[in-house]
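Asks: Once you've had a glance at the structure underneath, I'll fire off some questions.
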Amino acid sequence: MAQDSSRPDFWETRYRDHVTPWDAGRVPARLVQYAGEMKPGARVLIPGCGSGYEARFLAAAGFDVLAIDFSPAAVEAAQRNLGCFADRVQLADFFTFDAGAPFDVMFERAFLCALPRRMWPDYPERTAELLTPDGMIAGFWFFDDNVKGPPFGTSIEELHALLGTRFERISDEPAADSIPIFVAKERWQVWKKTGLGLDAASAA
Ligand SMILES: C[S@@+](CC[C@H](N)C(=O)[O-])C[C@H]1O[C@@H](n2cnc3c(N)ncnc32)[C@H](O)[C@@H]1O
């Protein structure tokens, strides 16, 4: 049971034991650059925020950021990190929480790859539901052919098949400042929500 990364206790144990090899301890340079292109005050969701470095950066830069994690220890760490912006962090499950207003951007880092592959089919639909009609997913994706995880790797083709049902990829480049466990295996990509899928069907 403790080996099932769909469960909060899988992550809780690791945060409490300080075994967090995914934790970069800093904001990726490519996010800083992308933030400069985002509309001022954009509403941004960070699912599975962990220690929340990106949330702190985006909040301080004036974005309307909400960072969520379903591990209480992660939320505590992120709230400590965010200081005066601690109210931007919530204990919540990405797949079930009530988000209120839709988001302009969702920032992805080590979230999809943290989920067991059996949960991946739920990710595009849930993300599309949380975003505005022209919303974006921006961030880092982990490419590997490993069987065991997390992190669970994907391939360019598999990610296309997964996200392509609801999103169109608008940029793709190697990540420049990966931490050791992701080096040469992650890429920065931005995906724009399309009008296809359930939204289009329900509007018809
Ligand atoms: C590998 S860690 C990455 C944390 C952070 N994004 C980072 O880059 O440091 C994955 C995180 O996702 C969280 N998580 C996994 N499934 C979740 C879910 N369904 N809802 C919210 N958080 C979730 C875990 O608790 C964990 O903090």
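Coordinate-derived values only; no laboratory data. The structure displayed is predicted, hence computed values, not measured ones. No Cβ is skipped: glycine too gets one built from the backbone with ideal geometry, and neighbour counts run over all protein chains shown.
Asks: Which percentage, to the nearest 5, of the DSSP beta bridges contained in the chain is antiparallel?
Replies: That works out to approximately 45 percent antiparallel.
Asks: Can you classify the chain as rounded, prolate or oblate using the Cα gyration tensor, where a ≥ b ≥ c are the square roots of its eigenvalues, rounded means a/c under 1.5, and otherwise it's prolate if a/b beats b/c and oblate if not?
Replies: Rounded is the answer for the chain, as its axis ratio a/c remains below 1.5.
Asks: Next question, about the same structure. Is any helix in the chain, taking whole DSSP H runs, at least 24 angstrom long along its axis by alpha carbon and on average at least -0.5 on the Kyte-Doolittle scale, and which ones? Could you put the intermediate results ahead of the total?
Replies: Details: long enough: none.
Answer set is empty.
Asks: For a test of the definition: using alpha carbon positions, the gyration tensor, and the 1.5 limit on a/c, classify the range 96-166 as rounded, prolate or oblate. Write out the running numbers ahead of the final one.
Replies: On the way: a/c = 2.06, a/b = 1.77, b/c = 1.17.
Here the range 96-166 falls in the prolate category.
Asks: Excluding residues on the same chain fewer than 8 positions from Lys185, give the lysines whose Cα lies under 18 Å from its Cα.
Replies: Lys148
Asks: Checking the cross-link filter: which lysines have an alpha carbon closer than 20 Å to that of Lys39, excluding same-chain neighbours under 8 positions apart?
Replies: Lys192, Lys193
Asks: Between the range 1-65 and the range 129-190, how many Å separate their Cα centres?
Replies: If we compute the Cα centre of each part, the gap is 15 Å.
Asks: Could you check how many percent of all C-alpha pairs in the range 47-121 are farther apart than 21 Å?
Replies: Distances greater than 21 Å cover 22 percent of the Cα pairs.
Asks: Shifting gears a bit: Report the trypsin sites (Lys or Arg not before Pro) located in the range 100-194 that are in a DSSP loop and have at most 12 other Cβ atoms inside 10 Å of their Cβ, or state none.
Replies: Listed in order of number, the matching sites are Lys148.
Asks: Another one. Got the relative contact order for the range 87-204 handy, in percent, Cα pairs under 8 Å and 6 or more residues apart?
Replies: Taking the mean separation of contacting Cα pairs over the length of the range 87-204, I get 27 percent.
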